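*Asks:* Mind having a look at this structure? Questions to follow.
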Amino acid sequence: MQKSLHIDPAKCTGCLQCESACSLVNEGTVNPAKSRIKVFSFHDEGRFVPYTCTQCDEAWCMQACPVDAIVLNPVNGSKDVLSDVCVGCKVCTIACPFGTINYNTSTGKVVKCDLCGGDPECVSACPTQAITYVDANATGLDKMRAWAMKTDNAGA
Amino acid sequence: MHYVIIGAGPAGVNAAEHLRKYNSLAQITMLVAEDVPPYSRMALPYFLVGNVKAEGTYLRKNEGHFEGLNITLKHGRASAVDPVSKAITLLGGEVINYDKLLVASGATATRPPIPGIDLKNIFNCWSLADSHKIVESTQPGSKVILMGAGFIGCIILEALAARGVDLTVIEMENRMVSRMTNEVMGTMIKDWCVNKGIKVLTSTKVSRIDDDGDSPLTVSTEDGQKLPADVVICATGVRSNTAFLEGSGIEVDMGIVVDDFMQSSVADVFAAGDVAQGRDLSTGDYYVQAIQPTAVEHGKLAANNMVFGKRTPHPGNLNMNVLDTVGLISTSFGMWMGVDGGEEAEMSDIGNFKYLNLQFKDDVLVGASSLGMTQHVGVMRGLIQTGAHLGDWKAKLMAEPNRISEAYLASAQAQHVATAPV
């Protein structure tokens, strides 16, 4: 059964432990600037919103990649960057209308959430269950994907 | 059913794959003009700099990818199309018949008509073959003059600078990448290059090139300078490849004129990518965007309409670019230059080479450009493409443009943010 990240901003306290865990595991350093999940703060409303790739079906990044460096992970449904194939052209970073694939200036490659291969560290790190990893049908993922389709030029 | 595609760039390859997805039985033939597997021009600068081998530029990496999809790659160039007999003639005389044709023949780099432009050691930088020639002809310290600081010129700049050449750029506009930057941003990119040891001459152009025998080439500019050059690279512009369509009755303007279904003026002939003059999302006008994401989307859309008939109209593609000029990253989206009756928000940190410019029409983002930003730049596309109403966030962005990601979450993804999904 396919699982996906379920983010419930109402439960987020803004502790940023997801960012620390993500950067530590994926980049080998506790550096929120290198995290693939980002917590946005809406200070005037006292609200925090963790935000990362929804692994959308359309996969704008994957479609736009000129060198086939982004591939579908058949197990997780995640779209994974093959770092050794990525040339660093950054076309995916403007093609993704969610802004969830980003260029890492120190490696010269792009990075995005790959669900940590099926055991997302942000989920383990979150103390309030604001981020959970659950059956994809229960997450409202379809709703987000429906929104994603609004940016689709090609239909199908 | 025989689908024939002229061209094997991103538009052609994506079209071929989608034709197969929509029709498992049809015969699909893709004409490959260059004597190499389908590759990406986007990746050439990274080949030039030595980050990837030639294979690293190939559009598809899996061995037997096209064979596996039963897509026939045929090396050859089209020399004529006859829509009446539904036949393509190749250079060399071979004739291929089609039921439906996609022209995805791309574009070619041009050279300005100046004396000496065809001398030796003057190259374009457009094909894998051009890249090989530039690699072979330049060593650290070689004097290289780059004509044109447009998008392609700037991308090559990175690769040339990394090769350690002595580099001078000559650009006729008053700033760099004038097609994606305003004066502030284009000037910042120029200053960045100068700081990196690249000589940049703006507001002038090359008037002639002379070969004085054993010594290097002499490049003369309109403002009277004479510069020695071992190699001249010409990046002054590209032109859609349409010459072979002459006499076919297929209407050509700047590129092949297409309707909202990517069909040309002639039945059963479609066009996609850099050769197609497709609809622009922002203006509704028909325009050759010549960018990778548009080529991909054109290819998919053309395939859809070729198989299912005209059922999916084209809302238009958002014009956008991302550019790395010797490590300084810039983006532009949609109406980055602004619209009549619109409003502009600007954040500028010239010393740190950071810049952000947002263009609004009422409370909708219609264009944006950025410099020195690498995180979440795609939200600018998201906001422009969906036409999301920013509401209260418009005023916040006018004051603090760098809150664009929050504005995106609060408006375009409001359903995700405001309510906990069930």
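*Asks:* In whole percent, what relative contact order does segment B:327-418 give with Cα contacts below 8 Å and a gap of six or more residues?
*Replies:* It rounds to 27 percent for segment B:327-418.
*Asks:* Starting from the Cα of B:Lys394, draw a straight line to each of the lysines and keep only those under 17 Å, dropping any in the same chain fewer than 8 residues away.
*Replies:* The reachable lysines, counting only those whose Cα sits under 17 Å from B:Lys394, are B:Lys361.
*Asks:* Give the span of segment B:216-348's Cα atoms along each principal axis, as three whole-Å numbers ordered largest to smallest.
*Replies:* Each principal axis gives a Cα extent; for segment B:216-348 these are 57, 46, 28 Å.
*Asks:* For the interface of chains A and B, what total accessible area is buried with a 1.4 Å probe, rounded to the nearest 100 Å²?
*Replies:* Buried area between the two chains comes out at roughly 4600 Å².
*Asks:* Still on this structure, I have one more. At 1.4 Å probe size, with the rest of the protein present, what percent of the exposed accessible area of the protein assembly as shown is carbon and sulfur atoms?
*Replies:* The nonpolar share, carbon plus sulfur, comes to 51 percent.
*Asks:* If you don't mind, there's one more thing I want to ask. With θ set to phi - 60° and the Karplus curve 6.51 cos²θ - 1.76 cosθ + 1.60, what are the ³J(HN,Hα) couplings of segment B:237-242 in order, to the nearest whole Hz, using x for Gly and Pro?
*Replies:* Those phi angles translate into x, 10, 9, 4, 7, 10 Hz.
*Asks:* Roll a 1.4 Å probe over the protein chains and send me the accessible area per residue for segment B:122-236 in Å². It would help to have the intermediate numbers written out before the result.
*Replies:* On the way: 4630 Å² over 115 residues.
Accessible area per residue: 40 Å².
*Asks:* In debye, nearest 20: dipole of the protein assembly as shown around its Cα centre with unit charges on the Cβ of K, R (+) and D, E (-)?
*Replies:* Numbers: 47 positive and 62 negative charges, 136 e Å.
Around 660 debye, computed over the protein assembly as shown.
*Asks:* Also: Hey, can you list the residues from segment A:45-70 whose accessible area shrinks by 50 Å² or more with all protein chains present, relative to the chain by itself (probe 1.4 Å, no ligands or nucleic acids)?
*Replies:* A:Tyr51, A:Gln63, A:Pro66, A:Val67, A:Asp68
*Asks:* While we're here: Per residue, how much accessible area does segment A:3-149 have with a 1.4 Å probe, in Å²? Mind showing how you got there, number by number?
*Replies:* Numbers: 5640 Å² over 147 residues.
Per residue, segment A:3-149 has 38 Å² of solvent-accessible surface.
*Asks:* Provide the descending list of Cα extents for segment A:3-149 along its principal axes, expressed in whole angstroms.
*Replies:* Extents along the principal axes, in whole Å: 41, 33, 30.
*Asks:* ³J(HN,Hα) across segment B:177-193 via Karplus (A = 6.51, B = -1.76, C = 1.60, θ = phi - 60°), whole Hz, x for Gly/Pro?
*Replies:* Once θ is set to phi - 60°, the couplings for segment B:177-193 become 6, 5, 7, 9, 9, 7, 5, 4, 5, x, 6, 4, 5, 4, 4, 4, 5 Hz.
*Asks:* For segment B:327-418, build the charge dipole from Cβ charges (+1 Lys, Arg; -1 Asp, Glu) around the Cα centre, then report which of B:Gln385, B:Met398, B:Gly338 sits farthest towards its positive end.
*Replies:* Value computed over the given set: B:Gln385.
*Asks:* To continue, here is another question. So what is the 222 nm mean residue ellipticity for chain B from helices alone, if each DSSP H run of at least 4 adds -39500 (n - 2.57) and you divide by all residues, rounding to the nearest 500 deg cm²/dmol? Numbers along the way, then the final one.
*Replies:* On the way: 11 runs with 103 residues, N = 422.
Roughly -7000 deg cm²/dmol at 222 nm, from the helical runs in chain B.
*Asks:* A further question follows. In this model, which of A:Lys34/A:Lys112; B:Lys120/B:Lys196; A:Lys109/B:Lys133 are farther than 22 Å apart at the alpha-carbon?
*Replies:* Pairs exceeding the cut-off: B:Lys120/B:Lys196; A:Lys109/B:Lys133.
*Asks:* Which aspartates and glutamates, on any chain, are close to B:Lys74 with Cα under 12 Å apart, when same-chain ones fewer than 8 places away are left out?
*Replies:* Correct list for B:Lys74: B:Glu34, B:Asp35, B:Glu94.
*Asks:* How about segment B:310-367: which trypsin sites (Lys or Arg not before Pro) there lie in a loop by DSSP and see at most 13 other Cβ atoms within 10 Å?
*Replies:* B:Lys310, B:Arg311
*Asks:* Here is a further query. Between A:Cys96, B:Asn121, B:Gly106, whose Cα lies farthest towards the positive end of the dipole of the protein assembly as shown when Lys and Arg beta carbons carry +1 and Asp and Glu beta carbons carry -1, centred on the Cα centre?
*Replies:* Farthest along the dipole direction, towards plus: A:Cys96.
*Asks:* Starting from the eigenvalues of the Cα gyration tensor, five times each then square-rooted, give me the equivalent ellipsoid semi-axes of segment B:327-418, largest first, whole Å.
*Replies:* 20, 15, 12
*Asks:* In debye, nearest 20, what is the charge dipole magnitude of segment B:327-418 about its Cα centre with +1 on Lys and Arg Cβ and -1 on Asp and Glu Cβ, if you could check?
*Replies:* Here segment B:327-418 has a charge dipole of around 280 debye.
*Asks:* Are any of the pairs A:Lys79/B:Lys61; B:Lys205/B:Lys354; B:Lys86/B:Lys310; A:Lys3/B:Lys61 more than 23 Å apart by Cα-Cα distance, and if so, which? Spell out each step's value before the answer.
*Replies:* Details: A:Lys79/B:Lys61 16 Å; B:Lys205/B:Lys354 29 Å; B:Lys86/B:Lys310 19 Å; A:Lys3/B:Lys61 28 Å.
Long pairs (Cα-Cα over 23 Å): B:Lys205/B:Lys354; A:Lys3/B:Lys61.
*Asks:* Continuing with this model, one more query. Hey, could you pull the Cα Rg and Dmax for segment B:182-244, both in Å?
*Replies:* Rg then Dmax for segment B:182-244, in Å: 15.3, 45.
*Asks:* So which aspartates and glutamates pass the test for B:Lys199, namely a Cα distance under 19 Å, with those fewer than 8 places away in the same chain ruled out?
*Replies:* Reachable aspartates and glutamates: B:Glu158, B:Asp166, B:Glu171, B:Glu173, B:Glu183, B:Asp191, B:Glu222, B:Asp223, B:Asp230, B:Asp324.
*Asks:* Using only alpha-carbon positions, what ratio does the radius of gyration of segment B:122-236 give when scaled by 2.2 N^0.38 Å?
*Replies:* Segment B:122-236 yields a ratio of 1.00.
*Asks:* Among B:Ile198, B:Val231, B:Gly213, flag the residue with its Cα farthest along the positive direction of the charge dipole of segment B:187-231, charges on Cβ as +1 for Lys/Arg and -1 for Asp/Glu.
*Replies:* With unit charges placed on the Cβ atoms, the residue in question is B:Ile198.
*Asks:* Of all the stretches in chain B, which is the longest one without any exposed loop site, taking GluC sites (Glu not before Pro) in a DSSP loop (any state but H, G, I, E, B) with at most 11 other Cβ atoms within 10 Å?
*Replies:* Working: sites that count: B:Glu63, B:Glu94, B:Glu246.
That gives B:247-422 as the longest site-free run.
*Asks:* Within a Cβ distance under 13 Å of B:Glu346, other residues only, what is the Lys/Arg minus Asp/Glu net charge?
*Replies:* Details: positive: B:Lys354; negative: B:Glu183, B:Glu343, B:Glu344, B:Asp349, B:Glu400.
Spelling it out: positives minus negatives among the neighbours equals -4.
*Asks:* Turning to a different aspect of this structure: Can you run phi through the Karplus equation (6.51, -1.76, 1.60; θ = phi - 60°) for segment B:340-353 and list ³J(HN,Hα) in whole Hz, with x for Gly and Pro?
*Replies:* My calculation for segment B:340-353 gives 4, x, x, 10, 10, 10, 9, 10, 9, 10, 4, x, 9, 6 Hz in order.
*Asks:* Expressed as cubic angstrom per residue, what is the convex hull volume of the alpha carbon set of chain B?
*Replies:* 169
*Asks:* Let me ask something else about it. To check you understand DSSP bridge types, tell me what percent of the beta bridges within the protein assembly as shown (both residues inside) are antiparallel, rounded to 5.
*Replies:* Here the antiparallel bridges make up roughly 65 percent for the protein assembly as shown.
The values are calculated or read from the model by the stated rules, or taken from the named source; none is laboratory data. It should be emphasised that the depicted structure is a prediction, and the values quoted were computed from it without experimental measurement. Don't worry about glycine lacking a Cβ; one is built from the backbone with ideal geometry, like all the others, and counts go over all protein chains shown. Side chains are part of the model used for accessible areas, which takes the heavy atoms of the whole protein and leaves out ligands, DNA and RNA. Shrake-Rupley method; radii C 1.70, N 1.55, O 1.52, S 1.80 Å.
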